[in-house]
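Undergrad: First the structure, which I've put down as structure tokens, then a few questions once you've had a look.
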Amino acid sequence: MAANLFSEIEYLKGVGKARGEKYRRLGITSPYELIYHIPRDYLDFRTYVPVQQAVLNEYNVLKLTITKKLPLQRIKGGLVICKAAATDGIDDILIVVYNNVYGFQSMQEGVCYYMYGKVTGSFLRKEISAPVFIRADENVLIQPKYPLTQGLSVNMVRQNMKQALDIMERTPFETLPDNILRKYNLCPLMYALRNIHFPESETAAELSRQRLAFDELLKLQLGMSLMKKRSRKSTAFQLDKNISVDDMLNGLPFELTQGQRSAVDDILCDLCKNVPMNRLLQGDVGSGKTVVAAAACCFAARNGIQSALMAPTEILAAQHFRTLSGFLEPFGVRVCLLTGSVTAKKKAALREKIAAGEYDVIVGTHAVIQKDVEYRSLGLVITDEQHRFGVAQRAALAEKGDSPHKLVMSATPIPRTLALIIYGDLDISAITELPKGRKPVKTYAVTGKLRRRVFSFVRDRLSEGRQAYVVCPMIEDSESDLHAVKSYAEEAAANDLKGCTTALLHGKMKAAEKDKVMEKFHSGEIQVLICTTVVEVGVDVPNAVVMVIENAERFGLSQLHQLRGRVGRGEFESSCILITDNTTDECIRRMKIMSSTSDGFKISEEDLKMRGPGDFFGNAQHGLPPLKIADIACNMELMNRAQVCAREILEEDPNLSLKKNSALKMDILRLFSKDIIG
């Protein structure tokens with residue numbers, strides 16, 4: 001069978017089962033998805049230098065003819081070293097390739113190549129290691145560099161990309177009507193896709209990037225407008241504005257901040273409208289979003305409707321349950337907790353009571369959206385840390401009610417520019433100040449040489465009766481990373497933290513195990529919690545005053561800020577210590593930002609500038625298509641143009657049902673969940 005754009009990726013020549021699996025690891029399952037695997041940078045083979053002028057210990061482009069391929073050398077551990085002698089016509093150089101026999105075999109004696117790689121050796125005898133290469137008779141000398149995974153080389157991706165582009169050109173397509181291409185000065189889609197991968201010139205690459213970035217932002221705007229339109233049908237739960245929750249707010253043991261009061265007003269006002277509320281409540285770590293949610297739940301209960309709060313983890317769900325019970329039960333609002341680890345017998349009893357309306361507020365994990373959970377009158381749906389849920393999970397919770405009101409809470413401060421993209425279908429309330437009496441967390445960045453001193457500081461705090469976190473990165477979620485975290489915990493317990501009560505917490509533990517460890521840490525039985533980022537969101541232990549973060553360079557700024565927010569939650573002075581041996585300019589800049597400000601919104605702006613929106617949430621699933629090309633930090637003007645264009649298209653064709661918009665609609669349905677905008 002000949003491959004088409006939507007065939008399995010394995011149908012491309014040279015992509016067998018093994019390489020197909022590697023592509024799937026990158027989220028690529030078809031030639032169409034491969035075409036949208038955009039280069040992160042380019043290699044310009046036009047900038048080659050003679051061997052004599054190559055800078056030692058740096059990357060250079062050379063133009064070389066292979067004179068002789070030497071026999072393969074097999075060494076211990078199954079490693080294969082491939083070598084070839086080459087010349088630029090004046091000087092000789094040795095090409096060395098490690099463990100890539102396939103790549104080496106594709107080089108031919110007597111053929112001239114452009115090669116990009118690190119040049120080492122001495123003035124008299126130079127080597128170029130593991131070069132990226134193309135034949136010198138190639139007509140495109142600006143070549144793409146792609147995000148890769150282990151076992152996929154740039155040359156493999158380029159080879160497959162050429163095939164995918166050839167398939168595309170046999171069945172050309174265009175998603176935008178001619179009038180829009182002319183009005184916004186955009187190049188045709190086929191030209192853009194060909195030139196983003198193999199540009200004829202820098203100008204062609206830039207024109208292509210502009211077109212594809214515009215497409216991306218336009219599809220997001222259109223998709224979210226359709227989502228918003230769908231959610232604006234009338235609700236069965238228009239609440240009574242004359243009902244008051246002042247007694248509950250006045251009975252709190254603290255005074256609400258101005259930001260909290262404004263957010264409560266926004267939400268109660270929305271709940272009294274005849275269309276469902278669709279609001280994002282943004283607030284920095286510890287800014288007091290839960291009490292705002294409590295006021296909304298109290299107002300709903302007094303109007304005779306149920307509320308459900310869905311949290312991403314059992315730890316966080318249990319904490320919300322404790323907090324909401326404390327705020328609401330003194331005022332007659334009944335709260336229950338429904339999670340996966342609740343016993344079958346207890347779950348059945350809870351389900352019965354929820355269906356009968358005996359509980360006003362149901363707190364839980366995704367257990368609250370299971371098919372067998374029925375509500376008597378679910379009118380308010382709250383999701384915490386929304387970007388951690390898939391679109392389908394959020395939709396399933398909303399389907400439990402009759403067009404219920406929706407409140408989304410996030411402690412990940414998002415720059416307004418990015419919030420408009422990610423949450424374009426929501427209204428936004430932001431709590432920008434911390435509750436009174438909160439002391440800022442002192443932050444220090446140090447190298448591993450000071451690790452002993454850091455742990456001496458930790459022990460001093462423990463001797464005062466306080467507790468601490470030590471966070472290790474587990475970025476790949478792999479067995480080797482998990483092994484590293486376990487080894488670190490064992491070593492710390494035997495050395496730097498000898499005599500202290502320590503425990504390990506990571507995401508691969510069973511929920512019951514995690515809960516047990518957290519309960520012990522909460523009660524003070526455990527002094528030091530050595531953990532992965534499983535504690536990033538929501539865990540509240542006021543007695544914990546030190547946060548040590550190992551390999552701090554492996555976390556984004558927003559993630560570091562989230563982790564730092566686990567301390568400084570009580571009356572005691574707290575510290576966050578970032579340990580890194582990375583001395584690159586970028587890392588030093590990031591550590592300085594963390595040490596100089598505790599403003600989450602400022603940090604998120606910097607994070608966005610430094611990492612781009614594609615990585616802003618790490619590998620968290622916020623349910624919207626990832627931005628692969630558009631850089632919102634730099635592309636505000638393009639975003640504004642895409643917003644205007646989206647409005648124009650929808651004014652003429654509100655449901656994208658005209659023939660000229662059919663390709664665009666198909667693309668949007670492919671990017672978004674059909675359930676959400678269909």
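The values are calculated or read from the model by the stated rules, or taken from the named source; none is laboratory data. Quick caveat: nothing in here was measured; it's all calculated off a predicted structure. Every residue, glycine as well, gets a Cβ built from its backbone with ideal geometry; the counts of neighbours run over all protein chains shown.
Undergrad: Would you check if there is a residue in the stretch 362-373 being under 27 Å from Ser244 (Cβ atoms), in the same structural domain as Leu268 (by TED's automatic domain parsing) and not hydroxyl-bearing (Ser, Thr, Tyr)?
TA: Quick first cut of the stretch 362-373, residues under 27 Å from Ser244 (Cβ atoms) only: 362-363.
From what's left, in the same structural domain as Leu268 (by TED's automatic domain parsing): 362-363.
Still in the list and also not hydroxyl-bearing (Ser, Thr, Tyr): 362-363.
For the stretch 362-373, residues under 27 Å from Ser244 (Cβ atoms), in the same structural domain as Leu268 (by TED's automatic domain parsing) and not hydroxyl-bearing (Ser, Thr, Tyr): present.
Undergrad: I'd like the full set of residues that are under 19 Å from Glu329 (Cβ atoms) and charged (D, E, K, R), limited to the stretch 241-258.
TA: Answer for the stretch 241-258, where residues must be under 19 Å from Glu329 (Cβ atoms) and charged (D, E, K, R): Asp246, Asp247.
Undergrad: (1) surrounded by fewer than 19 Cβ atoms within 10 Å (Cβ to Cβ); (2) modelled with pLDDT of 80 or more; (3) part of a helix (DSSP H, G or I): which one isn't true of Tyr444, the others all being true?
TA: Tyr444 satisfies every listed condition except (3).
Undergrad: Which of the residues that make up the stretch 291-303 are β-branched (Val, Ile, Thr) and free of Cβ contacts under 8 Å to residues at least 60 places away in the same chain?
TA: Of everything in the stretch 291-303, just one residue is β-branched (Val, Ile, Thr) and free of Cβ contacts under 8 Å to residues at least 60 places away in the same chain, namely Val291.
Undergrad: Something else about it: As an exercise: evaluate Glu358 against (1) over 13 Å from Ser307 (Cα atoms); (2) loosely packed, with under 14 Cβ neighbours inside 10 Å and give the number of the one condition it does not meet.
TA: (1)
Undergrad: Scanning the stretch 476-501 for residues that are modelled with pLDDT under 85 and acidic (Asp, Glu), which turns out surrounded by the most Cβ atoms within 10 Å (Cβ to Cβ)? Give the derivation first.
TA: Applying the first criterion (modelled with pLDDT under 85) to the stretch 476-501 yields 476-485.
Then drop every residue that is not acidic (Asp, Glu), which leaves 476-477, 479, 481.
On the way: Glu476: 10, Asp477: 12, Glu479: 9, Asp481: 16.
Going through the qualifying residues, I end up with Asp481.
Undergrad: If you don't mind, there's one more thing I want to ask. Would a scan of the stretch 633-653 turn up a residue that is in a loop (DSSP other than H, G, I, E, B) and modelled with pLDDT of 90 or more? Step through it out loud before you land on a result.
TA: We begin by selecting, within the stretch 633-653, every residue in a loop (DSSP other than H, G, I, E, B); these are 633-635, 653.
Okay, now just the ones that are also modelled with pLDDT of 90 or more, so 653.
Yes, that holds for at least one residue.
Undergrad: I'd like to verify a number: residues in the stretch 139-157 that are exposed (fewer than 13 other Cβ atoms within 10 Å of the Cβ) and free of Cβ contacts under 8 Å to residues at least 60 places away in the same chain, how many?
TA: Going through the stretch 139-157 one residue at a time, the tally reaches 1.
Undergrad: Quick one: which strands (runs of 3 or more DSSP E) lie wholly within the stretch 36-117 and hold at least 2 residues that are closer than 24 Å to Val157 by Cβ and at pLDDT 90 or above?
TA: 58-69, 79-87, 92-98
Undergrad: Does Met509 satisfy the condition of being over 24 Å from Glu606 (Cβ atoms), in the same structural domain as Thr584 (by TED's automatic domain parsing) and either part of a loop (DSSP other than H, G, I, E, B) or in contact (Cβ under 8 Å) with a residue 60 or more places away in the chain (or both)?
TA: Working: over 24 Å from Glu606 (Cβ atoms): yes; in the same structural domain as Thr584 (by TED's automatic domain parsing): yes; either part of a loop (DSSP other than H, G, I, E, B) or in contact (Cβ under 8 Å) with a residue 60 or more places away in the chain (or both): yes.
Criteria met by Met509.
Undergrad: Within the stretch 549-571, identify whether any single residue is touching a helix residue (DSSP H, G or I) at 6+ places or on another chain (Cβ under 6 Å) and under 18 Å from Ser463 (Cα atoms), and answer yes or no.
TA: No - not one qualifying residue is present in the stretch 549-571.
Undergrad: Considering each residue of the stretch 574-583, count those that are within 17 Å of Val528 (Cα to Cα) and not hydrophobic (A, V, I, L, M, F, W, C), and give that number.
TA: Residues that pass the stated criteria total 2.
Undergrad: Tell me which residues, restricted to the stretch 238-282, are farther than 21 Å from Met227 by Cβ and of a type in the set (Asp, Glu).
TA: Taking the stretch 238-282 as the starting set, the residues that turn out to be farther than 21 Å from Met227 by Cβ are 238-265, 268-269, 272.
Answer for the stretch 238-282, where residues must be farther than 21 Å from Met227 by Cβ and of a type in the set (Asp, Glu): Asp240, Asp246, Asp247, Glu255, Asp265.
Undergrad: Return a yes/no flag: does the stretch 582-589 have any residue that is touching a residue at least 24 places away in the same chain (Cβ under 8 Å) and not in a loop (DSSP other than H, G, I, E, B).
TA: yes
Undergrad: Limited to the stretch 7-35, what total is found for residues that are in contact (Cβ under 8 Å) with a residue 24 or more places away in the chain, part of a loop (DSSP other than H, G, I, E, B) and surrounded by 13 or more Cβ atoms within 10 Å (Cβ to Cβ)? Break it down into steps so the answer makes sense when it comes.
TA: The initial filter retains those residues of the stretch 7-35 that are in contact (Cβ under 8 Å) with a residue 24 or more places away in the chain, namely 7, 9, 12-15, 18-19, 22-23, 25-26, 30-35.
With part of a loop (DSSP other than H, G, I, E, B) added as a condition, the list becomes 7, 12-15, 26, 30.
Checking which are surrounded by 13 or more Cβ atoms within 10 Å (Cβ to Cβ) leaves us with 7, 12, 15, 26, 30.
Residues flagged as in contact (Cβ under 8 Å) with a residue 24 or more places away in the chain, part of a loop (DSSP other than H, G, I, E, B) and surrounded by 13 or more Cβ atoms within 10 Å (Cβ to Cβ) within the stretch 7-35 amount to 5.
Listed here are the residues, each with its yes/no results for (1) surrounded by fewer than 19 Cβ atoms within 10 Å (Cβ to Cβ); (2) modelled with pLDDT under 95; (3) farther than 22 Å from Val157 by Cα; (4) among the aromatic types (Phe, Trp, Tyr).
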{"residue": "Thr175", "(1), (2), (3), (4)": "yes, yes, yes, no"}
{"residue": "Ala192", "(1), (2), (3), (4)": "no, no, no, no"}
{"residue": "Leu212", "(1), (2), (3), (4)": "no, yes, no, no"}
{"residue": "Ser225", "(1), (2), (3), (4)": "no, yes, yes, no"}
{"residue": "Lys229", "(1), (2), (3), (4)": "yes, yes, yes, no"}
{"residue": "Arg232", "(1), (2), (3), (4)": "yes, yes, yes, no"}
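Undergrad: Go through (1) more than 23 Å from Arg647 (Cβ to Cβ); (2) outside the structural domain of Pro654 (by TED's automatic domain parsing); (3) not in a loop (DSSP other than H, G, I, E, B) for Leu181 and report which single condition fails.
TA: Only one criterion is unmet by Leu181, namely (1).
Undergrad: Shifting gears a bit: If we scan the stretch 109-121, do we find a residue that is touching a strand residue (DSSP E or B) at 6+ places or on another chain (Cβ under 9 Å) and free of Cβ contacts under 8 Å to residues at least 40 places away in the same chain?
TA: Initial filter on the stretch 109-121 (touching a strand residue (DSSP E or B) at 6+ places or on another chain (Cβ under 9 Å)): 109-121.
From what's left, free of Cβ contacts under 8 Å to residues at least 40 places away in the same chain: none.
For the stretch 109-121, residues touching a strand residue (DSSP E or B) at 6+ places or on another chain (Cβ under 9 Å) and free of Cβ contacts under 8 Å to residues at least 40 places away in the same chain: absent.
One line per residue, one yes/no per condition, for (1) in contact with a strand residue (DSSP E or B) (Cβ under 9 Å, 6 or more places away or on another chain); (2) modelled with pLDDT of 80 or more; (3) assigned to a helix (DSSP H, G or I); (4) among the aliphatic types (A, V, I, L, M):
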residue: Met474; (1), (2), (3), (4): no, no, no, yes
residue: Ala503; (1), (2), (3), (4): yes, yes, no, yes
residue: Val548; (1), (2), (3), (4): yes, yes, no, yes
residue: Leu560; (1), (2), (3), (4): yes, yes, yes, yes
residue: Leu578; (1), (2), (3), (4): yes, yes, no, yes
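Undergrad: Which of the residues spanning the stretch 293-326 are crowded, with 24+ Cβ neighbours inside 10 Å and aromatic (Phe, Trp, Tyr)?
TA: If the condition is that a residue be crowded, with 24+ Cβ neighbours inside 10 Å and aromatic (Phe, Trp, Tyr), then Phe299 is the only one that fits.
Undergrad: Among the helices (runs of 4 or more DSSP H) confined wholly to the stretch 311-405, which include 1 or more residues that are acidic (Asp, Glu), more than 24 Å from Ser234 (Cβ to Cβ) and modelled with pLDDT of 85 or more?
TA: Because the criterion is at least 1 residues that are acidic (Asp, Glu), more than 24 Å from Ser234 (Cβ to Cβ) and modelled with pLDDT of 85 or more, the helices (runs of 4 or more DSSP H) in the stretch 311-405 that meet it are 344-356.
Undergrad: Could you list, ordered by first residue, the pairs with Cβ atoms under 6 Å in which the first is in the stretch 265-281 and in the same structural domain as Ala430 (by TED's automatic domain parsing) and surrounded by fewer than 20 Cβ atoms within 10 Å (Cβ to Cβ) and the second is part of a helix (DSSP H, G or I) and among the polar types (S, T, N, Q), at least 6 apart or interchain?
TA: So the pair list comes out as Asn278/Ser231.
Here is a yes/no grid of residues against (1) modelled with pLDDT of 90 or more; (2) closer than 26 Å to Ala3 by Cα; (3) more than 31 Å from the chain's Cα centre (by Cα):
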{"site": "Arg125", "(1), (2), (3)": "yes, no, yes"}
{"site": "Gln143", "(1), (2), (3)": "no, yes, no"}
{"site": "Leu148", "(1), (2), (3)": "no, yes, no"}
{"site": "Gly151", "(1), (2), (3)": "no, yes, no"}
{"site": "Val154", "(1), (2), (3)": "no, yes, no"}
{"site": "Asp166", "(1), (2), (3)": "yes, yes, yes"}
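So that you can scan it fast, the table gives a plain yes or no per residue for (1) small (Gly, Ala, Ser); (2) in contact (Cβ under 8 Å) with a residue 24 or more places away in the chain; (3) over 19 Å from Lys145 (Cα atoms):
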{"residue": "Phe45", "(1), (2), (3)": "no, yes, no"}
{"residue": "Ala54", "(1), (2), (3)": "yes, yes, yes"}
{"residue": "Thr65", "(1), (2), (3)": "no, yes, yes"}
{"residue": "Ile75", "(1), (2), (3)": "no, no, yes"}
{"residue": "Ile81", "(1), (2), (3)": "no, no, yes"}
{"residue": "Gly89", "(1), (2), (3)": "yes, yes, yes"}
{"residue": "Ile128", "(1), (2), (3)": "no, yes, no"}
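Undergrad: Working carefully through the options Lys219, Lys241, find the one that is basic (Lys, Arg) and closer than 19 Å to Leu380 by Cα.
TA: On the way: Lys219 fails: closer than 19 Å to Leu380 by Cα.
Of the residues listed, the single one that is basic (Lys, Arg) and closer than 19 Å to Leu380 by Cα is Lys241.
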